[in-house]
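Peer 1: Starting off with a structure, shown below.
The values are calculated or read from the model by the stated rules, or taken from the named source; none is laboratory data. Bear in mind the structure is a predicted one, so any value in this text is a computation, not a measurement. Cβ placement follows ideal geometry from the backbone for every residue including glycine, while neighbour counts extend to all protein chains displayed.
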């Protein structure tokens, strides 16, 4: 029996906003001729580049396939979903990126990011298909709740192959650590946005942009005006090119005003302070998360094995899989 289930693969790459400019990485120091990397909390602990996200999606799908096979079901791995750069949390922009990519809005439109999502294929109807879905997605009887220090709660079904697949790729305990630092990262971003030095820099940016011809601008207003023009130009070659030129012109002005306002400097200082306030209680967890993240990326980079190769292995498991299995007993 073949199960075809289309699902969103959980990765640390958050859904990208259309305003994101595509960069090569998150944490490396920029050379003079390269764009300034984006700034993410905890040194990008829960953020992945598009290339990493694609690798991890594929690795998780292969792990789901192995788990389903052990339960007697065939599973066809879903192809990796199109992945963009994670959302730019603070809207920071440097002039080189602005001159090359603008905000990334026209490029996102060209990739179809603004298109309506395709309808999901119909679910299977047979009793066996329903049973295989229980194996894939788990049951309420084996559901546990992860309580986060920020007040949110996340439920995970421990008997689901999608859950066990993440354990196979990253190691046991990944979900707890990932959700923990996802929540802490969101908290850090909120603290940075409310920091007086940062809000003061944004006021100076707005005054600078107003001198450039923008009437009482906010960051959202600027991006929305660019996006509206790109949408109106869709499918009309010269209009698209004109919209792209206008986007780059606006982005360059934006980047220059950010530089004049000292925005990145104040954001970096505020983020560091917010991280330090939280890290005192979670240094060990952050170290484990980074180790598991590195393990997952290493696993994902290994060549995919053919089904015949996996069958030849019999019941042998990787260290991560064995640890995950042991932790469930």
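Peer 1: For residue 124, only one of the following conditions fails: (1) touching a helix residue (DSSP H, G or I) at 6+ places or on another chain (Cβ under 9 Å); (2) crowded, with 16+ Cβ neighbours inside 10 Å; (3) modelled with pLDDT of 65 or more. What is its number?
Peer 2: Looking at each condition in turn, residue 124 falls short on (3).
Peer 1: If you scan segment 51-96, which residues turn out to be in a helix (DSSP H, G or I), under 30 Å from residue 258 (Cα atoms) and touching a helix residue (DSSP H, G or I) at 6+ places or on another chain (Cβ under 7 Å)?
Peer 2: 52, 95
Peer 1: Give me the helices (runs of 4 or more DSSP H) completely within segment 226-329, filtered to those with at least 3 residues that are at pLDDT 90 or above and more than 30 Å from residue 214 (Cβ to Cβ), ordered by residue number.
Peer 2: 263-301
Peer 1: Just one of 12, 24 is under 22 Å from residue 301 (Cβ atoms), in contact with a helix residue (DSSP H, G or I) (Cβ under 7 Å, 6 or more places away or on another chain), modelled with pLDDT under 70 and in a loop (DSSP other than H, G, I, E, B); which is it?
Peer 2: 12
Peer 1: Taking helices (runs of 4 or more DSSP H) that do not extend beyond segment 145-217, which have at least 1 residues that are under 25 Å from residue 267 (Cα atoms)?
Peer 2: 174-194, 196-211
Peer 1: Kindly indicate whether any position in segment 35-50 is at pLDDT 90 or above, in contact with a helix residue (DSSP H, G or I) (Cβ under 6 Å, 6 or more places away or on another chain), outside any loop (DSSP other than H, G, I, E, B) and on the phi < 0 side of the Ramachandran plot.
Peer 2: Yes, segment 35-50 contains a residue that is at pLDDT 90 or above, in contact with a helix residue (DSSP H, G or I) (Cβ under 6 Å, 6 or more places away or on another chain), outside any loop (DSSP other than H, G, I, E, B) and on the phi < 0 side of the Ramachandran plot.
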